Amino acid sequence: MKITRITTQKKSKSRYNIFIADGDTDKYGFSVDEDILIKFGLSKNDELDDATIEQILEKDSLHKIYTQAINFLSYRMRTKKEIRDFLIKKEAEPEEVEEIMDRLNDEKLINDKQFAEMFVRTRINTSSKGPNVIKRELMEKGVAANIATEAVSVFTYDLQYEKAQHLLEKKSQHKKNVSFRKQQEQWRTQLMQKGFSQDVINEVLSGDTVDKDEEAEQEALRSQAEKLIRKFEKKYSDYELRNKVKEGLYRKGFNLDSIKNVLEEILEE
């Protein structure tokens, strides 16, 4: 087959239409990317056999997928797993996937260690997440455990404490009708879910980040006591009622001495 002319595509200036002889005229044969055109040195009057055309088209298909991978990388860094998953989603053949992965690696366009380091820095600067959650996110993206562990090592104890303390200060307003102890349990759970270490959580909660509001505590205790009395007074009386209410208040995190005093006040009114 003889190439009769080569034209640039209107919609994509980096792709070329290859026309081949068809009797006294010519017809469209196939299209290739500029890189493939140069790689094979295609020009007018070149003669191609079927095997060469097949090879050209295979390389062009590979180049298309490679270009898509480059575009995928242009928005942000990606892990090797993310790139591999993307290529598979684009229906690249297994050998094409490996060839593209090798090329991207050789071109230093994918590097899980660099990705992890940048990911951790970004999370530290833009989120309230602790190192345990960030490490889990890295591993979910396909980063090896040892690389993820090394990357989050920059999240020092002092930095954790500072972030956890700041997070707690934002949440530390004493909730109405909730005991201080119960609220501390909720704060502990929230900090654990955020990914902070147990040592940091213990220190933050035992420090002076949040002061117990005794007035709010008493208001919450009295409110909860009145609710429980209304709940149980139709079924229990005297000693049994007092015990039921006392048990309920203790489970809600209130101090036993404070419970005793409040019950005496309410039940004697």
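Descriptive notes on the structure:
This table checks each residue for (1) assigned to a helix (DSSP H, G or I); (2) surrounded by fewer than 18 Cβ atoms within 10 Å (Cβ to Cβ).
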position: Lys81; (1), (2): yes, yes
position: Asp85; (1), (2): yes, yes
position: Ile88; (1), (2): yes, yes
position: Val97; (1), (2): yes, no
position: Ile110; (1), (2): no, no
position: Lys113; (1), (2): yes, yes
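- Selection of region 125-173 for residues being of a type in the set (Gly, Ala, Ser) and over 23 Å from Gln186 (Cα atoms) yields Gly142, Ala144, Ala145, Ala148, Ala151, Ser153.
- Whenever a residue of region 151-168 is of a type in the set (Gly, Ala, Ser), its partners that are in a helix (DSSP H, G or I), lying with C-beta atoms within less than 6 angstrom and at least six residues away or across chains, give the pairs Ala151/Ala116; Ala151/Glu117; Ala151/Val120; Ala164/Leu191; Ala164/Val200; Ala164/Val204.
- Being in a loop (DSSP other than H, G, I, E, B), within 19 Å of the chain's Cα centre (by Cα) and at pLDDT 95 or above is a property that does not hold for Val120.
- For Ala144: the one exception among (1) under 27 Å from Gln68 (Cβ atoms); (2) modelled with pLDDT under 95: (2)
- Odd one out for Ser14 among (1) among the polar types (S, T, N, Q); (2) touching a helix residue (DSSP H, G or I) at 6+ places or on another chain (Cβ under 7 Å); (3) within 20 Å of Ala92 (Cα to Cα): (3)
The values are calculated or read from the model by the stated rules, or taken from the named source; none is laboratory data. Predicted model only: the values in this text are computed from it and were never measured. FYI the Cβ positions are ideal-geometry reconstructions off the backbone, even for glycines, and counts take in every protein chain you see.
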